1. Return the distance in nm (one decimal) between the two label points of a simple spin-label model at THR70 and ASP58, each offset 7 Å from Cα along Cα→Cβ.
2. Enumerate the amide H contacts of GLY162 below 5 Å, restricted to partners 5 or more residues apart or on another chain; note that Pro and chain-start residues carry no placed amide H.
3. Counting DSSP beta bridges with both partners in segment 21-161, what percentage is antiparallel, nearest 5?
4. What is the projected area of the convex hull of the Cα atoms of segment 21-161, averaged over all directions, in nm²?
5. Counting other C-beta atoms within 10 Å, which of ASP147, ASP29 has the fewest, and how do the rest follow?
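Just so it is clear, none of the values below were taken in a lab; they were calculated from the coordinates. None of these values were measured; they are calculated from a predicted model. Cβ placement follows ideal geometry from the backbone for every residue including glycine, while neighbour counts extend to all protein chains displayed.
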Amino acid sequence: MKRIAPFATALLLAGCGSFHGFEPATPADYTGATVNVADQVVALSSQRLHVFEMTRVDGRRLASSSVATTRTGSTLAMTPVALTNELPLQPSRVQIQAATQYATPMVAMSSPTCRTVGEVAFTPREGGRYAVNGRIADEACEVWIEDLATGQAVTDKVTGPGTKR
């Protein structure tokens, strides 16, 4: 065991060194106006959620609602956490995702799941309010960013297989 422990410790530390953490959606050197984009987390039960979230902006990894929700729950129930991000008023490449999230792996293994991830172009307008929205159904899982004032999609939809595979 003494031979394995130093090797395992070195691997663990190497993994930590490659993780750069989460970054803000707005670059540090940006000084202009921003708009808010909210993730959505829909509780279907205390153990099952649908998460529609933004996970990257122009390659920067963002804190995610799915991880924040996991950290607040227990093995029997989850407390939904929907994060928001401030984006600069400039064209961006945004990674968005729709996912089913369960309180425990055992429940997930015997239940319908969805995870659809993709990158879309997004140019927010000044004064706009936006949310990541989507649909998780038997036939398809979809995610997009929509304008809260109009309810209209302002990005392409990312579509993947539904929960009935």
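1. A separation of 2.8 nm, rounded to one decimal place.
2. Distant-sequence amide H within range of GLY162: ALA140, CYS141.
3. Values: 40 of 43 bridges.
Bridges in segment 21-161 that DSSP calls antiparallel: roughly 95 percent.
4. Numbers: hull surface 34.3 nm².
In nm², the orientation-averaged hull projection of segment 21-161 is 8.6.
5. On the way: ASP147 15, ASP29 5.
Neighbour counts put them in this order, fewest first: ASP29, ASP147.
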